Amino acid sequence: MKLVHTVVELREEVAQAKAQGLTIGLVPTMGALHEGHASLIAAANKENDFVVVSVFVNPTQFGPNEDLDAYPRTLEADCKLAEKMGANVVFAPSPKEMYPSSDDTWVEVTGDITKVLCGRTRPIHFRGVTTVVTKLFNLAQPDRAYFGQKDAQQVEVLKRMVKDLFFPLTLRVMPIIREADGLAKSSRNTYLSAEEHTAALVLSRSLKAAKAMYEAGERDAAKITAAVTADIEKEPMSNIDYVEIYALPGLEPVATPMVGSNLLAVAVKFGTTRLIDNVVLEEK
Ligand code: PAF
């Protein structure tokens, strides 16, 4: 496996792979790789001949008071895991490499899809994501790009971008990977104290209970979100940002009664750490 840091080097690797007729899988990450990322790289390895993993803590998707500086940076360990899972190239650029001029070229998906849920408290977040992912798509020219369902809103926004901008690639979405105790894997879990980690288990517990409610026939979204909110509020260390349901695809307003496929998404702070989790509610 090769570690490259520049756009020129990555372009060379990609050109060589293309010249050999290899298909390319891209796994965009911000590093601090865990089993969730490992599952994305493994899927990319299975479905493509050549796998590029990007490791870049993208400054433009962090708000002014967010954790850009604190975000874990573990490139050496990331390279080891990427290699083990079958990556051919790790691309770890500097911010200057990705944003060479004053960063005033943006790719932005507008409308409610980027304004609801995380978009409400993180107004510039998705513009940063779509801009950097566009750059990565243009550099790696992947046949397939891999993202985790844990970032369900990001997935919906990127699907819209890929469709609207006619990107010639398939977006592959992999299931949420959880710790044995149920906590969804996230690079930010390392911020949690032991007590906060235990408290945060309420997220997967309450989502599981909501799914059971849905499977038992409940189709009133307000009743389901009220039950999840009440469960989470019983946990004194929790501070809810949102507990909401939107219709899939596209995060449209949910119908009453619920029909089709719907996303129940939560964002909750434990101490200073904001965690997200979700479950899709749909008929089997
Ligand atoms: O999901 C992430 O880790 C990031 O948002 C992504 C897609 C790598 C863009 O920086």
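Derivation of every value follows stated rules applied to the coordinates shown; laboratory data play no part. Keep in mind that what you see is a predicted model, and the values were worked out from it rather than measured. Methodologically, a virtual Cβ is constructed for each residue, glycine included, from the backbone with ideal geometry; neighbour enumeration extends over all protein chains shown.
If I fit a long axis through the Cα atoms of helix 152-164 and take the longest principal axis of the Cα atoms of the chain, what angle between them do I get, 0 to 90°, rounded to 10?
The angle comes out near 50 degrees.
For the stretch 116-247, what does the relative contact order come out to in percent, with C-alpha contacts under 8 Å and a separation of six or more?
With pairs under 8 Å counted, the relative contact order is 17 percent.
With each pseudo-label sitting 7 Å past Cα toward Cβ, what's the Glu282-Arg73 distance in nm, one decimal?
Result: 3.9 nm between the two label points.
Once you sort the root eigenvalues of the Cα gyration tensor of the stretch 211-270 as a ≥ b ≥ c, which label holds: rounded (a/c under 1.5), prolate (a/b larger than b/c) or oblate (the other case)?
oblate
What span do the alpha-carbon atoms of the stretch 173-272 cover on each of the three principal axes, reported in whole Å from largest to smallest?
40, 31, 22
For the ranges 191-197, 158-164, what's the packing order if you count other beta-carbon atoms within 10 Å of each residue, average per peptide, and put the highest first?
158-164, 191-197
Quick one: plug the Kirkwood hydrodynamic radius of the chain (C-alpha pairs) into Stokes-Einstein at 20 °C, 1.002 mPa s, and report D in µm²/s.
Here the translational diffusion coefficient equals 109 µm²/s.
With N set to the residue count of the stretch 83-135, report its C-alpha Rg divided by 2.2 N^0.38 Å to two decimal places.
Cα-based Rg divided by the globular estimate yields 1.46.
How high is the relative contact order of the chain, in percent, with contacts defined as C-alpha pairs under 8 Å that are six or more residues apart?
Worked out over the chain, it gives 17 percent.
Using only the Cα atoms of the stretch 127-172, what are the Rg and Dmax in Å?
9.7, 25
For Lys46, which lysines qualify as cross-link partners when the Cα separation must be under 29 Å and same-chain residues fewer than eight apart are set aside?
Lys2, Lys18, Lys80, Lys84, Lys135, Lys150, Lys159, Lys163, Lys185, Lys284
Taking θ = phi - 60°, what integer Hz values does the Karplus form 6.51 cos²θ - 1.76 cosθ + 1.60 yield along the stretch 79-96, in sequence order, with x for Gly and Pro?
Running phi through 6.51 cos²θ - 1.76 cosθ + 1.60 with θ = phi - 60° gives 5, 4, 5, 4, 5, 4, 8, x, 5, 9, 9, 9, 9, 10, x, 7, x, 5 Hz.
Give me the tail of P(r) for the stretch 1-124 as a percent: Cα-Cα pairs with distance above 27 Å.
Every Cα pair in the stretch 1-124 considered, those over 27 Å come to 27 percent.
Note down the magnitude of the dipole of the chain about its Cα centre, charges +1 on Lys and Arg C-beta and -1 on Asp and Glu C-beta and zero elsewhere, to the nearest 20 debye.
Dipole size: approximately 320 debye.
Between Arg205 and Lys234, with labels modelled 7 Å along Cα→Cβ, what's the label distance in nm to one decimal, could you check?
Each label point lies 7 Å from its Cα, and together they span 0.7 nm.
I'd like the distance separating the alpha-carbon centroids of the stretch 152-209 and the stretch 68-113, in whole Å.
18
Please turn the phi angles of the stretch 56-71 into ³J(HN,Hα) values with the Karplus equation 6.51 cos²θ - 1.76 cosθ + 1.60 (θ = phi - 60°), one per residue in order, whole Hz, x for glycine and proline.
Per-residue couplings from phi come out as 8, 7, 7, x, 6, 9, 9, x, x, 9, 9, 9, 3, 6, 7, 4 Hz.
How big is the dipole moment of the stretch 1-151 about its Cα centre under a simple scheme where the beta carbon of each Lys and Arg is +1, that of each Asp and Glu is -1, and everything else is neutral? Debye, nearest 20, please.
200
For the stretch 67-186, what percent of Cα pairs sit more than 26 Å apart?
26
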